[in-house]
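What follows is one structure encoded as structure tokens, with my remarks underneath.
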Amino acid sequence: MKRRYPSWGRYPRAEQEVVRVGWRTDSFPQYALDGKTALPRGNGRSYGDSCLNDGGLLIDARGLDRFIAFDPATGILRCEAGVLLVDILALTVPRGWFIAATPGTQLVTVGGAIANDVHGKAHHRDGTFGRHVRRFELLRSGGTRRVCSPTENSDWYRATIGGLGLTGLILWAELALKPIANPYIAMESIRCESLDAFFAVSAESDQDYEYTVAWIDCTARGPSLGRGLFARGNHAPEGTTNTPRPPGRGFTFPVELPVSLVNGLTLRAFNRLYYNRQREARTQSIVHYQPFFYPLDALLEWNRIYGPRGFFQYQCVLPGADGRTAVREILERIAASGEGSFLAVIKVFGNLESPGLLSFPRAGVTLAVDFPNRGKPTLALMEGLDEVVRAAGGRLYPAKDARMRGEDFRRAYPAWEQLEALRDPAISSSFWRRVTR
Ligand SMILES: Cc1cc2nc3c(=O)[nH]c(=O)nc-3n(C[C@H](O)[C@H](O)[C@H](O)COP(=O)(O)OP(=O)(O)OC[C@H]3O[C@@H](n4cnc5c(N)ncnc54)[C@H](O)[C@@H]3O)c2cc1C
């Protein structure tokens, strides 16, 4: 069956056949290959081409959507790989458990979260998603089924976490959740007037706050470069009062616009308004976990505002002390270019090791910026940012990428050859072909 299965950034476009798996004892859909390669597919929340397989087959795994077991005494959950994080939280939050490392959207599958070894606001405390995966079952195209954990088939475990779907189809996984007293977060929002202020607040927050992240105005320049709002929080303790009502259902952005709404004018206006929405130096509040972790999920299909040409997300991590200078240089280049982003997010990652061979996070500062696709100028800007990342010994996040050079990928992820050796011969992706050839 041919259907459009775009990635979140809607760039690049791909032509691919789709086959569905609906049960964890199904066999690998070998019959559909017909000389082509296949790629497992979750909920398509990766921005670039790591969830695309142009000219090949996608194995839509969202039909693997059942819970298998949950122990409310220990917080151990076993579920199929197509279960969405939003459904896990609906089951476990009322029973006092939360996902230990959650990305900025709850609309991703467990299989997708493992394959990109996703990270979130708690990286400095809890590391990546993969650290909380106790075991999973992997189905290979030859029909082999392997249960993988840190101690069983550990090579496959390490290759599959952050393995971009290339080692086989994950059928189910067992996750360790973390205890909470209620669905609320006690949060503080701090106005930071510069990049230095951001780094100071970040350093002071790591010890006492489970969650830290900042939104920054990437159109600001000069002494205001890197100004933004720093959010930090902890799960609210038992007995918290004056709690807010849970948010209602989100809205869906109704149509794909013929042209992008995002341009220099709207970007500057939005960024200024957003920064100035908080006049006080700091505010404290009790909020429901949904707006705290997943503010963008309130507007479903918001990627449509970028119009038919789609958009890019550029996310890098810059290690060590030089990372700060490099991030400043990147922000200067973005502000000078006039290209820019509604959503520029910055965080300092901690030094907890990721279990995956190709996991993206490492100790350092990470910056994620969206750019509307304006063709050549946007690509030229990102090529320039690559120079800075390269010189700082940093790397880009494959889950967000649609255009990095193969040599940059191979330099920054030297374990790629180990993954290649364990890759299922029937599995490939547009991303993998682009960066390994
Ligand atoms: C608004 C928004 C915010 C985000 N915030 C963050 C963030 O804070 N941190 C972060 O790390 N990421 C973030 N992301 C990216 C997102 O978390 C990842 O791209 C995630 O992997 C997407 O999961 P998915 O289920 O949509 O999988 P897809 O995008 O469909 O696929 C992702 C990868 O998983 C593989 N895969 C999927 N299912 C299986 C399976 N059953 N077996 C084997 N492989 C499989 C695919 O082959 C592909 O390589 C964000 C994305 C959006 C849209």
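The values are calculated or read from the model by the stated rules, or taken from the named source; none is laboratory data. No experiment lies behind these values; they were computed from the predicted model shown. Note: ideal-geometry Cβ built from the backbone for every residue, glycine included; neighbour counts use all protein chains shown. Please note that ligands, DNA and RNA were not included when accessible areas were found on the heavy atoms of the full protein model with its side chains. Shrake-Rupley method; radii C 1.70, N 1.55, O 1.52, S 1.80 Å.
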- prompt: What trypsin sites (Lys or Arg not before Pro) does the stretch 316-377 have in DSSP loop regions with at most 11 other beta carbons within 10 Å?
  reply: none
- prompt: Dividing the Cα radius of gyration by the Kirkwood radius, what Rg/Rh value follows for the stretch 1-87?
  reply: 1.05
task: Can you pull the one-decimal nm distance between simple spin-label points at Thr283 and Lys376, each 7 Å off the Cα toward Cβ?
output: 4.4 nm
- request: Determine ³J(HN,Hα), in whole Hz, for all residues of the stretch 296-309 in sequence, where each value follows from phi through the Karplus function 6.51 cos²θ - 1.76 cosθ + 1.60 and θ = phi - 60°; x replaces Gly and Pro.
  value: 6, 5, 6, 10, 5, 6, 5, 5, 5, 5, 7, x, x, 7
task: For the stretch 195-207, take each phi angle, set θ = phi - 60°, evaluate the Karplus expression 6.51 cos²θ - 1.76 cosθ + 1.60, and give the result in whole Hz per residue in order, putting x for glycine and proline.
output: 5, 4, 5, 4, 5, 5, 5, 4, 4, 6, 8, 4, 5
- request: Please work out how much length the chain gains when fully extended from Arg4 to Arg405, using 0.36 nm per residue of separation minus the C-alpha to C-alpha distance, in nm with one decimal.
  value: 141.8 nm
field: Stretch gain in nm, segment Arg146-Ala415, where the contour uses 0.36 nm per residue and the Cα spacing is subtracted
entry: 94.7 nm
message: Report the gain in length on full extension from Asp87 to Asp34: 0.36 nm times residue separation, minus Cα-Cα distance, nm rounded to one decimal.
response: 15.6 nm
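Note down the relative contact order for the stretch 339-411 as a percent, whole number, built from C-alpha pairs under 8 angstrom at least six residues apart.
So the answer I get is 28 percent.
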Ranked order, Thr240, Thr128 - accessible area, probe 1.4 Å, largest first: Thr240, Thr128
Heavy-atom accessible area order for Arg433, Arg410, largest first, 1.4 Å probe: Arg410, Arg433
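Could you give the alpha-carbon Rg of the stretch 141-242 over 2.2 N^0.38 Å, rounded to two decimals?
Against the compact-globule rule of thumb, the ratio is 1.64.
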query: For the residue pair Glu188 and Thr241, what label-to-label distance in nm results when each label sits 7 Å from Cα along the Cα-to-beta-carbon direction?
result: 2.2 nm
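Work through the residues other than Arg272 whose Cβ is under 15 Å from its Cβ and net out their charges, Lys, Arg +1 and Asp, Glu -1. Could you put the intermediate results ahead of the total?
On the way: positive: Arg191, Arg221, Arg227, Arg268, Arg277, Arg279; negative: Glu193, Asp217.
Around Arg272, the surrounding residues sum to +4.
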message: Check which residues have an amide H placed less than 5 Å from Gly162's amide H, if you skip close sequence neighbours.
response: Ala115, Asn116, Asp117
message: Could you work out what % of the accessible surface of the stretch 1-44 is carbon and sulfur, using a 1.4 angstrom probe and leaving DNA, RNA and ligands out of the count?
response: 49 percent
message: Over 5 Å intervals from 0, what percent of Cα-Cα pairs in the stretch 240-316 sits in each interval?
response: 3, 11, 13, 19, 22, 16, 10, 5, 2, 0
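Counting other Cβ atoms within 10 Å, which GluC sites (Glu not before Pro) in the stretch 80-157 have at most 13 and lie in a DSSP loop? The partial results should precede the final answer.
Numbers: sites: Glu80, Glu137, Glu152; in loops: Glu152.
Listed in order of number, the matching sites are Glu152.
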query: Rule-of-thumb check for the stretch 346-437: C-alpha Rg over 2.2 N^0.38 Å?
result: 1.16
- request: Please list, in chain and number order, the residues 5+ apart from Ile427 or on another chain whose amide H is under 5 Å from its amide H, with Hs placed from the backbone.
  value: Ala38
message: Considering only C-alpha atoms, what is the centroid distance from the stretch 76-148 to the stretch 247-299, in Å?
response: 26 Å
field: Residues of type lysines that Lys400 reaches as a straight line, Cα spacing below 21 Å, ignoring anything fewer than 8 places off in the same chain
entry: Lys121, Lys347, Lys376
- prompt: Per residue, what volume in Å³ does the convex hull of the Cα atoms of the stretch 14-150 enclose?
  reply: 114 Å³
- line: Mean projected area, convex hull of alpha-carbon positions in the stretch 52-91, reported to one decimal in nm², is 3.4 nm²
- prompt: What's the center-to-center distance, using Cα atoms, between the stretch 333-357 and the stretch 3-29 in Å?
  reply: 28 Å
- request: Decide, for the chain, between rounded, prolate and oblate: order the square roots of the alpha carbon gyration tensor eigenvalues as a ≥ b ≥ c, take rounded if a/c falls under 1.5, and otherwise choose prolate if a/b is larger than b/c, else oblate.
  value: oblate
query: Using a ≥ b ≥ c from the Cα gyration tensor of the stretch 379-427 (square roots of the eigenvalues), is it rounded, prolate or oblate, where a/c under 1.5 gives rounded and otherwise the larger of a/b and b/c decides, a/b for prolate?
result: prolate
- line: Pseudo-spin-label distance Asp196 to Arg309, built 7 Å along Cα→Cβ, given in nm, is 3.8 nm
query: With contacts defined as alpha carbon pairs under 8 Å and 6 or more residues apart, what's the relative contact order of the chain in percent?
result: 19 percent
message: With just the Cα atoms defining each centre, how far is the stretch 367-437 from the stretch 167-181? Give it in Å.
response: 27 Å
query: On the accessible surface of the stretch 242-324, probed at 1.4 Å, how many percent belong to carbon and sulfur atoms?
result: 57 percent
Accessible area per residue, Å², the chain with all protein chains present, probe 1.4 Å: 41 Å²
- request: Quick one: compute the contact order of the stretch 36-79, relative version, from alpha carbon pairs under 8 angstrom and 6+ residues apart, as a percent.
  value: 34 percent
